[in-house]
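Below: one structure, written as C-alpha cells.
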Amino acid sequence: MTRLLIAGGLTIDRFADGRTAPGGSVLHAGLAAVADGARPTFLTVAGDEPEAREGLVRLAELGTVHHERSAATTCYRHTEVDGRRVLVYEAAADPIRLPDAADMPPRVDVLLLAPIADELPAPEIPAFRQRLGPRLTMLLIQGWLRRLAVGEPVRPLALSELTAETWGSFADADAIVVSTEDLTATPRDPFAQAAAMRARLGPRPVLVLTLGAQGYVLDDPSADRVVASVPRRVVDGVPSVGAGDTFGAVLALHLARGEGPTVAAAAATESVIGMLETRRA
C-alpha cells in the first residue's frame, strides 16, 4: 500500500444557507486517497470548535492523524457573486510545524502538501522533503496564491507577487495542481497561465491547471506539447467543493505507481466525476 502523508489545515466552511461543515484540502484529498486504495497519514492544524472536532474524527476514520492544536480553525464563508464562488476569510489557524522525527513516519512514498490559507509556509517545503524522503512530492498550491485578511474576501495574488524563495520551493516538486480559479490575477487563457507558471517553475514539475467542468490543461515536461482534456461526462447541479483536492490526491497516487501523467490525470478525472456523482445521488 502506498505510504501517503497529507499536510494542510482543516477548515470550517460556512455556507449561504446557514450550514457549517468541516472542510479543507486535507479532508477532501484524504477521502479520495482512501477511495483509491491508500491509507494516509495526516498532519493538520485545527481548533476546538464542534466542526473542527468533527473533521478530526473523520480524518481518524481515514488514517493516522497528527493534530496540532490552534486557538482557532481556519474559517471560510462561501458566497456567490455573478455566478462565481467567493470566499470570505473569517478566522485564521496557527502555522503547522514539522513534528519531531519520532512522531512522524520514518519515510513516505508520497508527500502531498495542501495548505488552504497561510498555515504551511512555502519555505518549509524543503524541510518536509528532507525529513520524509518521499519518492514523489505533490503540491496543491491554492493556499499559497491567496491574499488573506480576516473579514475580507480572498483575493488572488499575481504570480509576480510570490517570492523567489517560494518559486524555488515549488520548482523542486514532482507535480503541482492549481485551479484557474486561483489564477484570476493572471491572463484568463489557461494556456497562457500554464506558460506563465512554467516560466517560473523551470523544467521539473508536472503541472496541471484544473478548469472545473471544462477539464484540465496538462503540461508534462517530458512531452513535446501542452494538452487540454475535456471530460465527456459532466456532473452539474452539485457542489464542486473538494474537486481539485480529489484530482490532486489521485493524480499523485497514480504517478507514484509509475503511471504516466496522461494516464494518471485521466484516472484523477474519473475520481472527480465519481465523487460528484455521489453528491447527486
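The values are calculated or read from the model by the stated rules, or taken from the named source; none is laboratory data. Everything numeric in this text was worked out from a predicted model, so none of it was measured. FYI the Cβ positions are ideal-geometry reconstructions off the backbone, even for glycines, and counts take in every protein chain you see.
Give the residue, chosen from THR246, THR269, THR186, that is in contact with a His (Cβ under 8 Å, 6 or more places away or on another chain), surrounded by 17 or more Cβ atoms within 10 Å (Cβ to Cβ) and under 21 Å from ARG85 (Cβ atoms).
On inspection, the qualifying residue turns out to be THR246.
Considering only residues that are closer than 22 Å to ALA149 by Cα and charged (D, E, K, R), look in the range 98-123 and name the one that is modelled with the highest pLDDT.
It comes out as GLU119.
Within the range 44-58, take every residue that is in a loop (DSSP other than H, G, I, E, B) and not small (Gly, Ala, Ser) and give me the one that is surrounded by the fewest Cβ atoms within 10 Å (Cβ to Cβ).
ASP48
Taking the range 59-76 only, how many residues are surrounded by fewer than 15 Cβ atoms within 10 Å (Cβ to Cβ), of a type outside the set (Asp, Glu) and assigned to a helix (DSSP H, G or I)?
Residues flagged as surrounded by fewer than 15 Cβ atoms within 10 Å (Cβ to Cβ), of a type outside the set (Asp, Glu) and assigned to a helix (DSSP H, G or I) within the range 59-76 amount to 1.
Identify, from the list GLY30, GLY37, GLY83, the residue that is of a type in the set (Gly, Ala, Ser), under 24 Å from ALA175 (Cβ atoms) and modelled with pLDDT under 95.
Just a single option satisfies the conditions, and that option is GLY37.
Take the residues in the range 96-114 that are out of contact with any Gly (no Cβ under 9 Å at 6 or more places or on another chain), of a type outside the set (Lys, Arg) and part of a loop (DSSP other than H, G, I, E, B); name whichever of them is surrounded by the fewest Cβ atoms within 10 Å (Cβ to Cβ).
Result: ASP100.
Looking at this structure, is ALA29 small (Gly, Ala, Ser), within 18 Å of TRP144 (Cα to Cα) and not in a loop (DSSP other than H, G, I, E, B)?
In short, yes.
With the requirement that a residue be small (Gly, Ala, Ser), under 17 Å from GLY244 (Cα atoms) and either in contact with a Phe, Trp or Tyr (Cβ under 8 Å, 6 or more places away or on another chain) or at pLDDT below 95 (or both), what does the range 1-22 give you?
ALA7
Given the structure, is ARG97 touching a residue at least 40 places away in the same chain (Cβ under 8 Å) and either within 20 Å of ALA175 (Cα to Cα) or basic (Lys, Arg) (or both)?
Working: touching a residue at least 40 places away in the same chain (Cβ under 8 Å): no; either within 20 Å of ALA175 (Cα to Cα) or basic (Lys, Arg) (or both): yes.
In short, no.
Among the residues of the range 117-142, write down those that are under 17 Å from HIS66 (Cα atoms) and in a loop (DSSP other than H, G, I, E, B).
If the condition is that a residue be under 17 Å from HIS66 (Cα atoms) and in a loop (DSSP other than H, G, I, E, B), then GLU119, LEU120 are the ones that fit.
Can we say ARG85 is assigned to a strand (DSSP E or B) and in contact with a Ser or Thr (Cβ under 9 Å, 6 or more places away or on another chain)?
Considered against the rule, which asks whether it is assigned to a strand (DSSP E or B) and in contact with a Ser or Thr (Cβ under 9 Å, 6 or more places away or on another chain), ARG85 comes out as yes.
Filtering the range 115-142 down to residues that are farther than 14 Å from SER169 by Cα and of a type in the set (Gly, Ala, Ser), which residue is surrounded by the most Cβ atoms within 10 Å (Cβ to Cβ)?
Per the criteria, the residue is ALA117.
Kindly evaluate THR210 against the criterion of being of a type outside the set (A, V, I, L, M), in contact with a Gly (Cβ under 9 Å, 6 or more places away or on another chain) and crowded, with 21+ Cβ neighbours inside 10 Å. First the steps, then the outcome.
Numbers: of a type outside the set (A, V, I, L, M): yes; in contact with a Gly (Cβ under 9 Å, 6 or more places away or on another chain): yes; crowded, with 21+ Cβ neighbours inside 10 Å: yes.
When the stated conditions are applied, THR210 passes them.
Taking strands (runs of 3 or more DSSP E) that do not extend beyond the range 154-245, which have at least 3 residues that are at pLDDT 95 or above? Spell out the reasoning first.
Numbers: elements: 175-179, 206-210, 216-219, 227-229.
Hits in the range 154-245: 175-179, 206-210, 216-219.
Which residues, counting only those in the range 36-55, are out of contact with any helix residue (DSSP H, G or I) (no Cβ under 7 Å at 6 or more places or on another chain) and closer than 24 Å to ASP109 by Cβ?
GLY37, ARG39, THR41, LEU43, VAL45
Considering only residues that are farther than 16 Å from GLU61 by Cβ and over 16 Å from the mean Cα position of the chain (by Cα), which ones fall in the range 14-35?
ARG14, PHE15, ALA16, ASP17, GLY18, ARG19, THR20
What is the one condition in (1) of a type in the set (Lys, Arg); (2) under 23 Å from VAL272 (Cβ atoms); (3) touching a residue at least 24 places away in the same chain (Cβ under 8 Å) that ARG69 does not satisfy?
With (1) of a type in the set (Lys, Arg); (2) under 23 Å from VAL272 (Cβ atoms); (3) touching a residue at least 24 places away in the same chain (Cβ under 8 Å) applied to ARG69, the lone miss is (2).
Can you find even one residue in the range 77-84 that is crowded, with 16+ Cβ neighbours inside 10 Å and within 24 Å of LEU276 (Cα to Cα)? Walk me through it before giving the result.
Here is the first cut: in the range 77-84, the ones crowded, with 16+ Cβ neighbours inside 10 Å are 77-78.
Narrowing further to those that are within 24 Å of LEU276 (Cα to Cα): 77-78.
Within the range 77-84, one or more residues are crowded, with 16+ Cβ neighbours inside 10 Å and within 24 Å of LEU276 (Cα to Cα).
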